[in-house]
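Notes follow the structure.
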Amino acid sequence: MKNLFNKKILLIICGGIAAYKALELIRIFKKNQCNVKTILTKGALEFVTPLSVSSLTGEKVFTDLFDYKDEAEMDHITLSRWADVILFAPITANKLAQLSHGLAEDLATTVALASNKDIFLAPAMNVRMWENNITKKNLIKLVSCGYKIIEPEIGEMACGEYGSGKFSDPLNISKSINNYFKNIEENKKFKALVTAGPTREYIDPVRFITNRSSGKQGYAIANALQNNGFETTLISGPTNLKSPDGVKTIKVNTAEEMYEKSIINLPVDIAIFSAAVADFKVKQSNLNKIKKETFEKLELEKTKDILNYISKHNKLRPKLVIGFAAETNNIEQNSIKKLNEKNCDWIIANDVSNEKIGFDSDFNEVKIFKRNVSKAENILLDTKEVIAQKIVEKISDELKANA
Ligand code: CTP
């Protein structure tokens with residue numbers, strides 16, 4: 001499992017009989033030269049001792065949020081930032097419920113809530129608890145918030161009952177984590193370009209034409225691409241958003257600047273045009289502020305269509321070109337028209353007439369129209385971050401399938 005080499009894993013052990021198997025998991029991680037730090041919940045302390053855990057990790061064990069000595073050494077924020085990935089193994093039904101409600105009751109849940117890393121959950125519990133509708137609902141909520149589940153196995157349990165809920169084999173768990181890093185590693189060879197936000201087309205030094213785009217979906221896609229290993233460049237119109245960590249972000253104002261910076265940053269393997277580029281600019285922008293008394297009319301002309309230009313360029317065209325279609329009506333018809341006319345591989349469409357998911361919302365719901373595929377793929381209502389992650393997973397699969 002060579003992709004585990006030198007990785008930093010924060011292992012959170014919760015209180016269940018399967019906690020003892022976490023020791024075997026640590027052994028596998030250490031054998032593959034991972035750095036492992038651990039948190040033991042109050043419940044876990046009943047099943048395994050900090051001494052056995054620290055003997056295997058070679059590290060201090062963290063146990064409680066309110067141990068001020070621990071907090072002074074490495075607080076919950078630092079711990080979550082230190083890790084490349086966070087793994088709850090085993091996680092109990094109770095801890096799943098706490099996470100799904102966003103509780104921060106102890107060090108484990110506080111770290112998860114404060115984390116900016118991917119979090120894996122390897123549940124272990126009695127079959128009735130696992131199959132309980134409340135647990136299922138909690139899991140669905142966690143998955144839709146981006147948590148990754150390593151499913152338990154079917155088998156005989158410590159309590160003597162038989163069924164699903166048995167802690168996944170430590171080797172399987174370590175393989176899932178290895179695959180996660182492998183996927184990121186493979187994506188590192190791909191370069192991605194994302195355009196995002198609105199543009200401003202100046203009428204004079206104080207007035208401009210723009211639109212309601214917040215740039216949130218484009219920024220979330222750039223962030224997800226970078227987190228999944230892609231070397232990402234973001235060309236952004238004016239927004240209030242913070243540049244995603246590790247992403248090369250270039251700020252522009254006008255469509256012309258966005259066009260220039262996009263071209264300069266080619267070639268890439270994949271380009272996602274999520275910017276709401278202003279379609280019109282004034283023919284002659286005025287150097288001085290226009291006075292009302294002298295104003296007669298504005299003459300407009302079309303801006304350059306960046307997507308259209310790049311997707312039809314026989315030398316510059318990336319392997320995968322994805323356009324966006326923000327529509328208020330006839331979504332399917334308009335999207336397929338854009339897909340064909342702009343020579344895209346995919347069009348990601350959203351209904352901006354729906355206030356819940358439209359401009360400036362933190363939520364979205366999209367349909368992906370693909371070339372030569374008759375049925376659109378739906379990504380249902382979710383946060384823009386989760387939508388972005390799902391889009392990036394599809395991109396990653398597509399690039400690998402055509403590699
Ligand atoms: N686009 C672009 N450059 C432009 C205009 C649009 O790159 N000057 C890209 C957008 O980033 C998006 C796609 O083209 O990926 C579709 O944009 P949209 O505004 O929905 O379509 P338009 O072609 O502008 O058509 P209309 O506004 O009439 O729907």
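The values are calculated or read from the model by the stated rules, or taken from the named source; none is laboratory data. For clarity, every value in this text was computed on a predicted model and none was experimentally measured. We place every Cβ from the backbone using ideal geometry, glycine too, and count neighbours over all the protein chains shown.
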> Which one of 199, 210, 232 is within 26 Å of residue 268 (Cα to Cα) and over 14 Å from the mean Cα position of the chain (by Cα)?
Replying inline: 199
> Can we say residue 38 is without any contact (Cβ under 8 Å) to a residue 60 or more places away in the chain and either assigned by TED's automatic domain parsing to the domain that holds residue 172 or not β-branched (Val, Ile, Thr) (or both)?
Replying inline: yes
> Could you list, in sequence order, the residues of segment 194-213 that are under 24 Å from residue 365 (Cα atoms), surrounded by fewer than 24 Cβ atoms within 10 Å (Cβ to Cβ) and modelled with pLDDT of 95 or more?
Replying inline: 210
> Could you list, in sequence order, the residues of segment 138-156 that are closer than 20 Å to residue 23 by Cβ and not in a strand (DSSP E or B)?
Replying inline: 150, 152
>> For a quick check of your reading of the model, give me the residue pairs whose first member lies in segment 106-122 and is assigned to a loop (DSSP other than H, G, I, E, B), whose second is aromatic (Phe, Trp, Tyr), with beta-carbon atoms closer than 8 Å and at least 6 apart or on different chains.
In response: 118/180
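Listed here are the residues, each with its yes/no results for (1) within 15 Å of the ligand (Cβ to nearest atom); (2) more than 16 Å from residue 219 (Cβ to Cβ); (3) touching a Lys or Arg at 6+ places or on another chain (Cβ under 7 Å).
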| site | (1), (2), (3) |
| --- | --- |
| 235 | yes, no, yes |
| 249 | no, no, no |
| 268 | yes, yes, yes |
| 281 | yes, yes, no |
| 290 | no, yes, no |
| 302 | yes, yes, no |
| 307 | yes, yes, yes |
>> I'm checking my understanding of the structure. Among residues of segment 214-233 that are away from the ligand (no atom under 16 Å from the Cβ) and part of a strand (DSSP E or B), which one is nearest to residue 302 (Cα to Cα)?
In response: 232
>> The conditions are (1) buried (at least 17 other Cβ atoms within 10 Å of the Cβ); (2) modelled with pLDDT of 95 or more; (3) touching a Lys or Arg at 6+ places or on another chain (Cβ under 8 Å), and residue 62 fails exactly one of them. Which is it?
In response: (2)
>> Looking at segment 292-309, I want the residues that are in the same structural domain as residue 266 (by TED's automatic domain parsing) and basic (Lys, Arg) and have a partner that is surrounded by 10 or more Cβ atoms within 10 Å (Cβ to Cβ) and not in a loop (DSSP other than H, G, I, E, B) with Cβ atoms under 6 Å, at least 6 apart or on another chain. Which pairs are those?
In response: 304/259
>> Tell me yes or no: at least one residue of segment 156-166 is of a type in the set (Lys, Arg) and in contact with a strand residue (DSSP E or B) (Cβ under 8 Å, 6 or more places away or on another chain).
In response: yes
>> Restricting to segment 371-382, give me the number of residues that are touching a helix residue (DSSP H, G or I) at 6+ places or on another chain (Cβ under 8 Å) and within 21 Å of residue 225 (Cα to Cα).
In response: 3
> Is it true that some residue in segment 22-34 is farther than 17 Å from residue 170 by Cα and among the charged types (D, E, K, R)?
Replying inline: no
>> Every residue in segment 157-206 that is within 21 Å of residue 20 (Cα to Cα) and touching a Leu at 6+ places or on another chain (Cβ under 8 Å), please.
In response: 170, 173, 174, 177
> So which of 321, 366 ends up being touching a Cys at 6+ places or on another chain (Cβ under 9 Å) and more than 9 Å from the ligand (Cβ to nearest atom)?
Replying inline: 321
